[in-house]
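Engineer: This is the structure, below, for whatever I ask next.
The values are calculated or read from the model by the stated rules, or taken from the named source; none is laboratory data. Every value quoted in this text rests on a predicted model; they were computed, and no experiment measured them. Note that we place each Cβ from the backbone using ideal geometry, even for glycine, and neighbour counts take in every protein chain shown. The protein model used for the area step is the full one, side chains on, heavy atoms only, and it has no ligands, DNA or RNA in it. Shrake-Rupley method; radii C 1.70, N 1.55, O 1.52, S 1.80 Å.
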Number of protein chains: 2
Amino acid sequence: MKLDRLLGLRFKETPSDCQIASHILMLRGGYIKNVGNGIFSLYPPAKRIAQKIERIIREEMDAIGGQEVMLPVAIPAALWKESGRWDAVGSELVRFKDRGGSDMVLGMTHEEAVVHLCRDTAQSYQNFPFMVYQIQTKFRDEPRARGGLIRVREFTMKDAYSFHTSFGDLAEFYEKCHAAYVNIFRRCGIGDDVVDVQADSGMMGGKIAHEFMLLAEIGEDSLAICGACDFRSNMEAAECITENAPCEDAPLTKISTPGIKTIEALCEFCTVSPARTCKAVLYQKNSTGEYVVIFIRGDLEVNETKLNNLLGGEAHPAADAAEAFPCGFIGPVGLKLPKGAVVLYDRSLRNAGELVTGACEEGYHYRGFNPDRDVPGIEYSEIAKIPEGGICPQCGKHSIRLVRGIEVGHIFQLGAKYTESMNMTYLDQNGKPQYPVMGCYGIGVGRLMASVCEARRDGYGPIWPMNIAPWQAQICALRSQDEEVAKTADKLYEDLQSAGVEVLYDDRKVSAGVMFSDADLLGVPVRVIVSPKTLQRGVAELKTRDKAIQKDLDISVVTQEIIALVKEMMNEGDQS
Amino acid sequence: MKLDRLLGLRFKETPSDCQIASHILMLRGGYIKNVGNGIFSLYPPAKRIAQKIERIIREEMDAIGGQEVMLPVAIPAALWKESGRWDAVGSELVRFKDRGGSDMVLGMTHEEAVVHLCRDTAQSYQNFPFMVYQIQTKFRDEPRARGGLIRVREFTMKDAYSFHTSFGDLAEFYEKCHAAYVNIFRRCGIGDDVVDVQADSGMMGGKIAHEFMLLAEIGEDSLAICGACDFRSNMEAAECITENAPCEDAPLTKISTPGIKTIEALCEFCTVSPARTCKAVLYQKNSTGEYVVIFIRGDLEVNETKLNNLLGGEAHPAADAAEAFPCGFIGPVGLKLPKGAVVLYDRSLRNAGELVTGACEEGYHYRGFNPDRDVPGIEYSEIAKIPEGGICPQCGKHSIRLVRGIEVGHIFQLGAKYTESMNMTYLDQNGKPQYPVMGCYGIGVGRLMASVCEARRDGYGPIWPMNIAPWQAQICALRSQDEEVAKTADKLYEDLQSAGVEVLYDDRKVSAGVMFSDADLLGVPVRVIVSPKTLQRGVAELKTRDKAIQKDLDISVVTQEIIALVKEMMNEGDQS
């Protein structure tokens, strides 16, 4: 490809409204164009990268027995009504009516469609296990699209679905798929930066789920990682274990705390630590607006994912509850609840005592609150976020670090949620109908591309790993009006192409500065510079985009050296 | 791939509601599954064929300088409002609102999106020409989805768009793309059955357009093909040239024709041929319901495409016009028109005379009608369908044959319709802004697959050409419980796979009848049969699906012979 024919502009200026490096670089490098909120077109370099990522994914899915299929983007709502998700999923699911008035959805995930595809074809236990996958466009009407290709509404996704006759068989395949995912991220060049963590299964159903997370400051997810053992979890899914210091059986005593409305102020006023307080956090159910009062130790925060799972629906922090509650002074004792309100107690209050908490009266708190003693029949739930320095649920040490990550893959053990609701059965050895159990396995192609860009870049542009780079080598012919330069570079271009190397050839009559900054933005791993100066020395200059190699190559050997280097870097990428 | 692991069932029964062979065979062979009206999922064999077709398309598009991009499926309506098609296109365009209340459409064609992608990047005449393409899912809310993958609502399409600084340059590239299309159909194995015809450009805009048509009885399109020259046109787009026999200047005479309401009855009653009558055909505009009265020679039919183009919008045959018109007796003389109604005269009435036509009075017609004389200021339009045996617009002979075809590709010279409406400009040599002109070029991948199935099949299943076959070779191991059979077939499977041959291996313990009928349905071009009988003879049996080859191969050479045959058939397919 001649660079002067390449569709897309490259520029220096940081586009407005961009916070994330990959977003900035992929706009500045002519990779993507924003079409609407969370909707992008891909220019040729991004399309080429996406195709290479897709090829790697296909190879890894095929290697574990995957069969590629194609499911529809526009799906009759009847299938989503069968599974119950037509009602259960919110406005991120696009619904429309077709010209005949039938309800339709845009597929944001394809459990329903894949069960529809498979339910008549796998009739005997002998047909199991099997896995199918597709690489297809999805639309998810995200409320907060952001960060270029990191969080979009329309995206290309590989989604795979496996079917099994037992949870044991599912677990076994799940491990295989887990290993294939590790291969995929390694081959895409970010193997060292991606960790797997336990995950919440959210609206998908099922119990066991893992996310693959690219560790990155700009990540939207918080991860709880143990420094002492191999425990790693999305903070959403991590159990929060707490200990309470031993305490006296102090009596419940009302104290005057005029104007003391925050935990900080309360702690200062009473000279206690936040862990010796019991605070109230107010939510409202999205569906009904009914209040949810959560009592939790003052040093901890509410984990909204756990809260939603507990409630079986979404809730949001209550914005203005002053009419319903004595805000700032809410406590478990003497609390009057508005109609429909629910009270939840976090497990952190168990075995706690000598707590300061609200007295449900403007200007008053209690000292000496002991939940087990003072709230008859109290039931505890697990609603707290695991904190930095918290207790590892696996090894029990105070060794939890919180870091941020970008989810680049997600795998789920779904169980029989969809096969039961959609009545997919097979006959077991005894001729009895059974529901198969399912796993599902997703990777967003565009997000993976942007994540590699996040992880592999410098201040000048992306540093694409050889295996997914838009081109393998770039020739920069400086001063191509010089006949010798043009002749040498043209020949190199031809020879490399003949040898099957994917070459981007820049022979524009532009300055070295423009040429190199464009090359940096395009991030091609191997660069060869031909100029009057290098030719005077009888050489071309070889530079890798990652700066690992920079040396002169004798013109007589340049073609074969580049071919060898590209091959070597391809192999390294596949095996590293 | 082992056949017993392959997802999808094969069966004998003809599914109900299927008229078309490809639809029947692709259901019976486990290629496709209907998800909803005009919406299909693809099982692995169909997905594999689709991918091979896509690879051929990519190679041919790349060979003429195409750059692959990716445009969105869900497109902000703002772009379609810019081009004017938000209003101009009917309910085949799916419209929906996103969660933020913005109007969106599902892309059924991508002129708007591609102009959006390119309009800032090609600023100088030096950036032209260029062509971009994508292979992407489209949704078109067809009123009459039918025939399996022949006419669907959701489909995978290759759509390409070229941009030029002159019509001359566009025409030149158009020819290149035309040639690339010829290559594509040839490489997909239907080169001999596809013809290109002049086409109507419909809602796309532009003047010059061609369709590539697979000649097939079940085709939805009628083609006008000259037996005497190389004129070929979609009937929709073909000019209808008529001659009228010389006539006397007979006076206009009212005659009593009680109960004579059809042209047939009228001709019999008056003993004239239909070509000596002037009939009225009634339509109504879709948008307003206003009547359109078309007067046309009695032996000709109305070409609705021409009518719609003439009206600048769609119209449908008037169902019940008895209140507005003296139906059966309508004629140009004395006609009273309801409000808003329009009258059109087809060119076939020019220079005609001595016609019989309605007298606008129940039970009466006129004889001796002469349009040029009796209708002051008459203006003629061209609204007639070219008839079988009609006059070729190119060579002038009465040599038009009407045949049927399936549209497998469509190319358009669009002109500046979209660049003007969406304000895409470049600076010409003189620094003056200009609108580039565009071409667009489409191929539906699924329809092409089904068309190949239509054209290449026998009573037992598809006969896939080697280049797009789901697998290249199939091993049928009959009586694989026989140790020698299993050993030989297993080894053959391994050896062929190692050599890079795509093998489907059937070692199920089923009868020869089941095994062969499944193989016929899967249509793999090369079949090798290993059984106790063949092994007794020291051979495996080679059969090609098209029955061209059937012979024994010594076990010692079977692997290399199959490898050679597959290679030969691949090359033939590429070059034929």
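Engineer: Among the listed residues A:ALA275, A:ALA237, which satisfies the condition of being in contact (Cβ under 8 Å) with a residue 12 or more places away in the chain, under 23 Å from A:TYR345 (Cα atoms) and out of contact with any helix residue (DSSP H, G or I) (no Cβ under 8 Å at 6 or more places or on another chain)?
Structural biologist: Working: A:ALA237 fails: out of contact with any helix residue (DSSP H, G or I) (no Cβ under 8 Å at 6 or more places or on another chain).
Only one candidate passes the filter, namely A:ALA275.
Engineer: Within segment A:38-55, which residues are out of contact with any helix residue (DSSP H, G or I) (no Cβ under 8 Å at 6 or more places or on another chain), free of Cβ contacts under 8 Å to residues at least 40 places away in the same chain and facing another protein chain (nearest Cβ under 9 Å)?
Structural biologist: Start the filter on segment A:38-55 by keeping residues that are out of contact with any helix residue (DSSP H, G or I) (no Cβ under 8 Å at 6 or more places or on another chain), which leaves A:38-39, A:44, A:47-48, A:51, A:55.
Subsequent filtering for residues that are free of Cβ contacts under 8 Å to residues at least 40 places away in the same chain retains A:47, A:51, A:55.
Passing the criteria: A:LYS47, A:GLN51.
Engineer: So which residues in segment A:468-517 are farther than 20 Å from A:ARG10 by Cα, touching a residue at least 40 places away in the same chain (Cβ under 8 Å) and of a type in the set (S, T, N, Q), if there are any at all?
Structural biologist: Result: A:THR488, single match.
Engineer: Suppose the filter is facing another protein chain (nearest Cβ under 8 Å), assigned to a helix (DSSP H, G or I) and in contact (Cβ under 8 Å) with a residue 24 or more places away in the chain; does A:ARG58 pass it?
Structural biologist: no
Engineer: Please specify each residue of segment B:335-356 satisfying the condition of being under 14 Å from B:LEU300 (Cβ atoms) and either modelled with pLDDT under 95 or not aromatic (Phe, Trp, Tyr) (or both).
Structural biologist: Residues satisfying the conditions are B:LEU344, B:ASP346, B:ARG347, B:SER348, B:LEU349, B:ARG350, B:ALA352, B:LEU355.
Engineer: Then there's this: Just to be sure before I move on: is B:GLY368 touching a His at 6+ places or on another chain (Cβ under 8 Å) and not in a loop (DSSP other than H, G, I, E, B) in the structure I sent? If you could, list the steps in order and put the result at the bottom.
Structural biologist: On the way: touching a His at 6+ places or on another chain (Cβ under 8 Å): no; not in a loop (DSSP other than H, G, I, E, B): yes.
Spelling it out, it is not the case that B:GLY368 is touching a His at 6+ places or on another chain (Cβ under 8 Å) and not in a loop (DSSP other than H, G, I, E, B).
Engineer: A:LYS207 - would you say it is away from every other protein chain (no Cβ under 14 Å), surrounded by fewer than 22 Cβ atoms within 10 Å (Cβ to Cβ) and at pLDDT 95 or above?
Structural biologist: The answer is no for A:LYS207.
Residues checked against (1) open to solvent by 30 Å² or more (accessible area, probe 1.4 Å); (2) over 30 Å from A:ASN308 (Cβ atoms):
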| residue | (1), (2) |
| --- | --- |
| A:ARG10 | yes, yes |
| A:GLY29 | no, yes |
| A:ARG48 | yes, yes |
| A:ILE57 | no, yes |
| A:GLU60 | no, yes |
| A:ALA63 | yes, yes |
| A:GLU68 | no, yes |
| A:VAL73 | no, no |
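Engineer: Give the number of residues within segment B:372-419 that are in a loop (DSSP other than H, G, I, E, B) and among the β-branched types (Val, Ile, Thr). Before you say what the answer is, go through the steps one by one.
Structural biologist: Narrowing segment B:372-419 to residues in a loop (DSSP other than H, G, I, E, B): B:375-379, B:382-383, B:385-390, B:392-399, B:416.
From the residues that got through so far, the ones that are among the β-branched types (Val, Ile, Thr) too are B:375, B:378, B:383, B:386.
Adding up the residues that qualify gives 4.
Engineer: Identify, please: which residue in segment B:171-200 is in contact with a Phe, Trp or Tyr (Cβ under 7 Å, 6 or more places away or on another chain) and over 16 Å from B:PHE130 (Cβ atoms) and is, among those, surrounded by the fewest Cβ atoms within 10 Å (Cβ to Cβ)?
Structural biologist: Restricting attention to segment B:171-200, the residues satisfying the condition of being in contact with a Phe, Trp or Tyr (Cβ under 7 Å, 6 or more places away or on another chain) are B:177, B:181, B:185, B:191, B:194, B:196.
Now restrict to residues that are over 16 Å from B:PHE130 (Cβ atoms): B:181, B:185, B:191, B:194, B:196.
On the way: B:TYR181: 23, B:PHE185: 25, B:GLY191: 15, B:VAL194: 24, B:ASP196: 17.
Among those residues, the one meeting the criterion is B:GLY191.
Engineer: Still on this model: Please determine, by comparing only the residues of segment B:494-518 that are buried (at least 22 other Cβ atoms within 10 Å of the Cβ) and not hydrophobic (A, V, I, L, M, F, W, C), which one is farthest from B:ASP546 (Cα to Cα).
Structural biologist: This residue is B:ASP507.
Engineer: Considering each residue of segment B:82-91, count those that are closer than 25 Å to A:GLY100 by Cβ, more than 10 Å from chain A (Cβ to nearest Cβ) and open to solvent by 40 Å² or more (accessible area, probe 1.4 Å), and give that number.
Structural biologist: Residues meeting the conditions: 3.
Engineer: Six or more apart or on different chains, Cβ under 8 Å: which pairs go from a residue in segment B:1-21 that's within 11 Å of chain A (Cβ to nearest Cβ) to one that's surrounded by 19 or more Cβ atoms within 10 Å (Cβ to Cβ) and modelled with pLDDT under 95? Could you list them?
Structural biologist: Pairs that qualify, where the first residue is within 11 Å of chain A (Cβ to nearest Cβ) and the partner is surrounded by 19 or more Cβ atoms within 10 Å (Cβ to Cβ) and modelled with pLDDT under 95, are B:LEU7/A:ALA122.
Engineer: Just the residues that are free of Cβ contacts under 8 Å to residues at least 40 places away in the same chain and at the interface with another protein chain (Cβ under 8 Å from one of its Cβ atoms), please, taken from segment B:105-125.
Structural biologist: Across segment B:105-125, the qualifying residues are B:LEU106, B:ASP120, B:THR121.
Engineer: Among the candidates A:GLY353, A:GLY358, which residue alone is of a type outside the set (Val, Ile, Thr), outside any loop (DSSP other than H, G, I, E, B), in contact with a Pro (Cβ under 9 Å, 6 or more places away or on another chain) and surrounded by 14 or more Cβ atoms within 10 Å (Cβ to Cβ)?
Structural biologist: A:GLY358
Engineer: Assess whether A:THR534 counts as being closer than 29 Å to A:ALA21 by Cα and open to solvent by less than 30 Å² (accessible area, probe 1.4 Å). If you could, list the steps in order and put the result at the bottom.
Structural biologist: Numbers: closer than 29 Å to A:ALA21 by Cα: no; open to solvent by less than 30 Å² (accessible area, probe 1.4 Å): yes.
It is false that A:THR534 is closer than 29 Å to A:ALA21 by Cα and open to solvent by less than 30 Å² (accessible area, probe 1.4 Å).
Engineer: Which of the residues belonging to segment A:402-430 are open to solvent by 40 Å² or more (accessible area, probe 1.4 Å) and either within 30 Å of A:CYS118 (Cβ to Cβ) or over 19 Å from the mean Cα position of the chain (by Cα) (or both)?
Structural biologist: A:GLU407, A:LYS417, A:GLU420, A:SER421, A:ASN423, A:THR425, A:LEU427, A:GLN429, A:ASN430
Engineer: Here's another thing I want to ask about it. Checking A:LYS336 against (1) under 36 Å from the mean Cα position of the chain (by Cα); (2) free of Cβ contacts under 8 Å to residues at least 40 places away in the same chain: exactly one of these is not met. Which one?
Structural biologist: (1)
Engineer: On to the next question. Can you tell which of B:VAL94, B:VAL73, B:VAL35 is closer than 27 Å to A:GLY66 by Cβ, within 13 Å of chain A (Cβ to nearest Cβ), within 24 Å of the chain's Cα centre (by Cα) and without any contact (Cβ under 8 Å) to a residue 60 or more places away in the chain?
Structural biologist: The conditions single out B:VAL35.
Engineer: Kindly indicate whether A:GLY500 is part of a loop (DSSP other than H, G, I, E, B) and modelled with pLDDT of 95 or more.
Structural biologist: So A:GLY500 passes the test.
Engineer: Limited to segment B:136-170, what total is found for residues that are assigned to a loop (DSSP other than H, G, I, E, B), open to solvent by 20 Å² or more (accessible area, probe 1.4 Å) and more than 12 Å from every other protein chain (Cβ to nearest Cβ)?
Structural biologist: 2
Engineer: Between A:LYS547, A:LYS551, which is at positive phi and open to solvent by 50 Å² or more (accessible area, probe 1.4 Å)?
Structural biologist: Exactly one of A:LYS547, A:LYS551 is at positive phi and open to solvent by 50 Å² or more (accessible area, probe 1.4 Å), namely A:LYS547.
Engineer: Now for a separate question. Could you tell me whether segment B:436-451 includes any residue that is assigned to a loop (DSSP other than H, G, I, E, B), surrounded by 23 or more Cβ atoms within 10 Å (Cβ to Cβ) and touching a residue at least 12 places away in the same chain (Cβ under 8 Å)?
Structural biologist: Looking through segment B:436-451, at least one residue is assigned to a loop (DSSP other than H, G, I, E, B), surrounded by 23 or more Cβ atoms within 10 Å (Cβ to Cβ) and touching a residue at least 12 places away in the same chain (Cβ under 8 Å).
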